[in-house]
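**Q** Please find one structure pasted underneath; my questions will follow.
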C-alpha cells in the first residue's frame, strides 16, 4: 500500500503532541511519515501570562488559543492546502455530567428532554435541532467555554471542507477526514451535534428514544484488550497496565472507512482478582468510602472489569482519578490533567491507517476487528502495508 504524505492537523494536542510520549491522536501519523501540525495553548514562552508557566515539552506549529485561529491560518501554513486529516479533542470539563450536572442545570433530572433529543437524532430529524431551546443551556464559565470551543471547532471543520471542495477542486471522494472527541457527556446533547455523525460500534443501531452508546472505550485501545483482539499493544504512558474503561464519543465523517473497536463490557469479570482479596486489601487499594464489602461471585458476572479494564467502584482513588503527573526523560513534567487526558496511540493508529487504505482504493471499513474470548487473533495485521 503506497500513499503520499498526508497533511494532518491535531488541535488541542495536549501532552500527546510531545514526541516523547507514546500517545496522542497524531503520533502514529508522524511515525508513519506524515506531515503533522499541532495546536496547543500550553507551551514555553506563551506571552499570555495565564499560561506562561506551563510547558508540555514541545513547540506547536500553531501555538496559543485555537479561538485566535481560523481555517485560513491553517491553509496558509500548508501553502494553500487543507489538511487531509483533522483531529480535535476540546477540553472536557465544560461538557462534564459530574457534580449533578453543574453548568447545565436546566437539564438536570429532565429525562424527557434527552428522550426527545435522542428520538430526533435516531430518526435523522434535522429540523428539530434548529428549534429554540432543544439543547441544554450553559450556566457557568466552564460550560460556556466548552460550548464556544465546540462551535469554533465545527466552524473550523466546515470552513476547511468548503475550501477543499471549492478552491482545491477536490471531489466528495477525497474529503478531509475528521474526528472530534469528547468523553461521553453533554456535548452529545448540543443541537449543533445532533445531526453530526456520531460513530457507533459495529452492528449498533439505536431507534426510538434510546440513548446511543459511546463510540469507544479507551480500554479497547490498550492493555489486555489489545492482546485479546490480536493487535499490537500500545499501553498509555503513566496509566495502569489494566486501563480505565473511559467511555468516549467520537463524531466523524469517516464512517465509511473506519469502525471503532469492540467495547470492553461493564460489570465484574468472573476471574477478577478482587473476588479473592480481603476487605482490608480492597480498602487499601480503592479507599474505604468506595468499598464497604467484599464483592461476591454470583455466577452471573459477564463484564470485563478487573481483567480487561480497571474495576472502579464509585469514589475509588484508582482508575483515571489515580493517574499522576509524570516526568519525561527530558526532565519535562507533564501535569496530571494532561496525563489523564491522553488519547491512546492505537486510536490514532487505527484512524490514520484507515485513511491510508481508503486513499489507496481499499474502501472496506477498517479496522473490522471481532472480539472473541476463545481465539487470540483477528482479521487484520496492523503492520500490513
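**Q** Return the total of residues in segment 16-58 being touching a strand residue (DSSP E or B) at 6+ places or on another chain (Cβ under 6 Å) and within 20 Å of residue 350 (Cβ to Cβ).
**A** Number satisfying all stated conditions: 9.
Quick grid of which residues meet (1) surrounded by 24 or more Cβ atoms within 10 Å (Cβ to Cβ); (2) part of a loop (DSSP other than H, G, I, E, B):
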| position | (1), (2) |
| --- | --- |
| 10 | yes, no |
| 16 | yes, no |
| 20 | no, yes |
| 24 | yes, yes |
| 38 | yes, no |
| 43 | no, yes |
| 50 | no, no |
| 57 | no, yes |
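**Q** Output yes when any residue across segment 94-117 is part of a loop (DSSP other than H, G, I, E, B), at pLDDT 90 or above, touching a strand residue (DSSP E or B) at 6+ places or on another chain (Cβ under 9 Å) and crowded, with 16+ Cβ neighbours inside 10 Å, and no when none is.
**A** No, every residue in segment 94-117 fails to be part of a loop (DSSP other than H, G, I, E, B), at pLDDT 90 or above, touching a strand residue (DSSP E or B) at 6+ places or on another chain (Cβ under 9 Å) and crowded, with 16+ Cβ neighbours inside 10 Å.
**Q** Taking segment 254-310 only, how many residues are touching a residue at least 40 places away in the same chain (Cβ under 8 Å) and outside any loop (DSSP other than H, G, I, E, B)?
**A** 4
Residue by residue, here is whether (1) touching a helix residue (DSSP H, G or I) at 6+ places or on another chain (Cβ under 8 Å); (2) surrounded by fewer than 16 Cβ atoms within 10 Å (Cβ to Cβ); (3) within 24 Å of residue 88 (Cα to Cα) holds:
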{"site": "123", "(1), (2), (3)": "no, yes, no"}
{"site": "147", "(1), (2), (3)": "yes, no, yes"}
{"site": "150", "(1), (2), (3)": "yes, no, yes"}
{"site": "166", "(1), (2), (3)": "no, yes, yes"}
{"site": "169", "(1), (2), (3)": "no, yes, no"}
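**Q** Conditions: (1) under 30 Å from residue 319 (Cα atoms); (2) in contact (Cβ under 8 Å) with a residue 60 or more places away in the chain; (3) within 20 Å of the chain's Cα centre (by Cα); (4) not in a loop (DSSP other than H, G, I, E, B). Residue 212 meets all but one. Number of the miss?
**A** (4)
**Q** For residues that are modelled with pLDDT of 90 or more, within 18 Å of the chain's Cα centre (by Cα) and assigned to a loop (DSSP other than H, G, I, E, B), tally how many sit in segment 84-93.
**A** Of the residues in that region, 2 qualify.
**Q** Something else now. Which ones in segment 219-230 are surrounded by fewer than 24 Cβ atoms within 10 Å (Cβ to Cβ) and farther than 17 Å from residue 342 by Cβ?
**A** 224, 227, 228, 230
**Q** Inspect all residues belonging to segment 106-117 and state whether any of them is out of contact with any helix residue (DSSP H, G or I) (no Cβ under 6 Å at 6 or more places or on another chain) and within 26 Å of residue 24 (Cβ to Cβ).
**A** Among the residues of segment 106-117, not one is out of contact with any helix residue (DSSP H, G or I) (no Cβ under 6 Å at 6 or more places or on another chain) and within 26 Å of residue 24 (Cβ to Cβ), which makes the answer no.
The values are calculated or read from the model by the stated rules, or taken from the named source; none is laboratory data. These numbers were taken from a predicted model, which means no experiment stands behind them. Positions of Cβ are generated from backbone atoms using ideal geometry, with glycine treated the same way; all protein chains shown enter the neighbour counts.
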